[in-house]
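To start, the structure itself, in structure tokens.
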Ligand SMILES: *Cc1c(COP(=O)(O)O)cnc(C)c1O
């Protein structure tokens, strides 16, 4: 059996053809494909605006900048995420406060969050960064109520969940990134994610002022928009009005994104089929706890995470069989960088217990049934 990774991109001949055409066009970057990708992505997510950028981490940093996060601001996130969810706000000098996870969904625990907020003076925290972990959409409506009560902004890290949705109290379907409850939602197009552009990312928002700032900060803080200029020396004239970055995506990456987005629904369907096959295969296996699937949500299944007692043993056994299962994630608060701020083992007991038992099994749309059967057989063999 060839090596089976935990996640993998799917690039078709048509994708390659489309990218090749852009490579032969007049624009390699800052051309028409970026806007087309942004429009398609905004439409898919049901948001007013999308901004495509160089990667998901840049997207998080831009979100922090657009929300004027500054040194000393306190920002809350979950410890069970990729470090970038916290780092994007650290870049602006924010202090990161971790809030423990829900033992079933592995998402930030909204009851604990509310306790955290109600036990300190109003205004202590400025924002919250929920993560749609593994593809499970956060209940952004409940979160919005809490955020409004305590005056927080919300940046939803939906890098795991493009196309995921939950049904809100009014019965409406909310696709991650639709901007109804979160101020800004952030996505990544790294090859292990649903849409691959090499490196790449995007932000969605319904707020036109945030949209303006995201565009400005993505390109050095430079504008050529005549209505916004302080003066105008001629048609060449532009102004750098703020300190921004070069966080642009290229046109040929945007072309790949346009192509990949067309197959997102297929990818989500396949991922759900794969999850169901795992669920059925492990239904009678006591030593394997399969992921929780709540009602009124559509899981995007970036990851399929099981919990098991002998995680290290299973990891080593699967790797010896060429199955590259992975651990997501080493808790962020236990990273040496974050430990220097005083975080330590024992601070986030649910997250730490999760980390001690979690293992991500292969999950990507081109995983064949035969390959999946091989993974299942090996796991059943190990735990029996
Ligand atoms: C992948 C990922 C990111 C960062 O995305 P990059 O495109 O790799 O910079 C941020 N948050 C989460 C939860 C991710 O999985």
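Readers should treat all values here as calculations from the given coordinates under stated rules, not as data from a laboratory. It should be emphasised that the depicted structure is a prediction, and the values quoted were computed from it without experimental measurement. We place every Cβ from the backbone using ideal geometry, glycine too, and count neighbours over all the protein chains shown.
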For this session: At a temperature of 37 °C and a viscosity of 0.692 mPa s, determine how fast the range 45-134 diffuses translationally according to Stokes-Einstein, using the Kirkwood radius over alpha-carbon pairs as Rh; express D in µm²/s, rounded to the nearest whole number.
Result: 236
Seminar exercise, completed: Computed from the beta carbon distance with a Förster radius of 56 Å, FRET efficiency for residue 115 and residue 320 to the nearest 0.05 stands at 0.80
Exercise. Taking R0 as 25 Å, what's the FRET efficiency between residue 370 and residue 309 from their Cβ-Cβ distance, rounded to 0.05?
Worked result: 0.30
Exercise. Taking the chain as a Gaussian network, Cα atoms linked when under 10 Å apart, which of 368, 78, 219 shows the biggest mean-square fluctuation?
Worked result: 368
Exercise. Given the range 139-273, what percent of its DSSP beta bridges are antiparallel, to the nearest 5?
Worked result: 75
Problem set entry | Full-stretch length increase - residue 173, residue 276 - with 0.36 nm per residue and alpha-carbon distance subtracted | 34.9 nm
For this session: Go through 160-171, 336-347 and give me the packing order, highest mean Cβ count within 10 Å leading.
Result: 160-171, 336-347
For this session: Give the relative contact order (percent, whole number) for the range 236-384; include only Cα pairs under 8 Å separated by 6+ residues.
Result: 28
For this session: Take the chain, connect every pair of alpha-carbon atoms lying under 10 Å apart with a spring to form a Gaussian network, then pick out the residue of 91, 315, 238 with the largest mean-square fluctuation.
Result: 238
Exercise. Out of every Cα pair in the range 1-157, what percent are spaced more than 23 Å from each other?
Worked result: 50
Seminar exercise, completed: Simple SL model, points at 7 angstrom along Cα→Cβ for residue 208 and residue 327; separation in nm is 5.0
Problem set entry | Two-site FRET efficiency, residue 17 against residue 71, from Cβ-Cβ distance with R₀ of 35 Å, rounded to 0.05 | 0.15
For this session: For the chain, give the share of DSSP beta bridges that are antiparallel, in percent and rounded to the nearest 5; count only bridges with both residues there.
Result: 65
Exercise. Please state the equivalent ellipsoid semi-axes for the chain: what are the square roots of 5 times the Cα gyration tensor eigenvalues, largest first, in whole Å?
Worked result: 35, 27, 18
Exercise. How much length, in nm to one decimal, is gained on full extension between residue 229 and residue 292, taken as 0.36 nm per residue of separation minus their Cα-Cα distance?
Worked result: 17.4 nm
Problem set entry | Relative contact order of the range 1-109, defined on C-alpha pairs under 8 angstrom at six or more residues apart (%) | 18
Problem set entry | Packing-based ranking, highest mean first, of 226-233, 110-117 given that Cβ atoms within 10 Å are counted | 110-117, 226-233
